[in-house]
Amino acid sequence: MSLALDPAAQDLLFREAQTANTFTDEPVADEQIQAVYDLVKFAPTAFNQSPLRITLVRSQDARKRLVNHAMGANGPKTLAAPLTVILSVDLDFHEKLPRLFPALPDIKDTYFSEPAAREAAGTQNATLQAGYFILGIRAAGLAAGPMTGFDFAGVDKEFFGDGKQKSFLVVNVGKPGADAFFPRSPRLEFAEAAATV
Ligand SMILES: Cc1cc2nc3c(=O)[nH]c(=O)nc-3n(C[C@H](O)[C@H](O)[C@H](O)COP(=O)(O)O)c2cc1C
């Protein structure tokens, strides 16, 4: 009664959605990822800076280059997924601010002139966008397998040699395969996670 979203959508996005570890061979089309993006782009970010960049890893060569930087089971899992994306922060997101936040065109050169300020804000806001991206994947009837178990410095050298993008999450995407999910781990109850002051 407290939620506006219908119960089937609640299940699709949250209750029945889990992190997938295996996938079927069914391909994931660019159009599906574009449809996901066209929802997810409405996520709020500070000054609408929108620093998340999405790299679709499709070719066998690119897959192998990515997996060279994977830790443990993340490698085989990634090689077997129909699509893998690298999520990264555009460290030069400020260049687009005059278009994305026309109300304050000067912040490109005031707030965000320093690389360290851009990295801190960009990382926070791209991480928020990544959460929305996972939900968007679920909204497309697909499952996501997010992973931080990669050597991201190595991934950056491999794919973003110019130093302008910093990767922080690799996500396998597809229809869940056999034994795709680990048993659901418990979650904190509201009273443990929330406080009223
Ligand atoms: C930021 C992030 C990093 C993760 N890194 C890995 C990883 O490197 N390898 C892996 O197998 N699972 C990884 N996971 C999956 C989590 O363990 C999983 O989402 C969590 O236990 C919840 O599982 P559930 O969706 O089945 O409830 C990661 C998840 C997130 C959100």
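Throughout, read-outs are computed from the coordinates displayed, never taken from laboratory work. Values in this document were obtained by computation on a predicted structure and should not be read as measured data. All Cβ positions, even for glycine, are placed from backbone atoms using ideal geometry, and neighbour counts span all protein chains on display.
Worth a mention:
- Simple Cβ-charge dipole of the range 18-173, Lys/Arg +1 and Asp/Glu -1, about Cα centre, in debye nearest 20: 200 debye
- Length gained on full extension, Glu192 to Ala80, computed as 0.36 nm times the residue gap minus the Cα-Cα distance: 36.5 nm.
- Segment Asn68..Ser2, full-extension length gain: 19.1 nm, with 0.36 nm per residue of separation and the alpha-carbon distance subtracted.
- Cα gyration tensor shape of the range 1-118, rounded if a/c is under 1.5, else prolate or oblate by comparing a/b with b/c: oblate
- Value of [θ]222 nm, deg cm²/dmol, for the chain, DSSP H segments ≥ 4, -39500 (n - 2.57) each, nearest 500: -10000 deg cm²/dmol
- Cα pair distances exceeding 22 angstrom across the range 81-194, given as percent: 49 percent
- Of the three principal axes defined by the Cα atoms of the chain, the extents in descending order read 51, 50, 33 Å.
- Helix runs (DSSP H) in the chain reaching 18 Å along axis by Cα, Kyte-Doolittle at least 0.0: 115-139
- Spatially, the range 1-69 and the range 143-183 are offset by 12 Å when compared through their Cα centroids.
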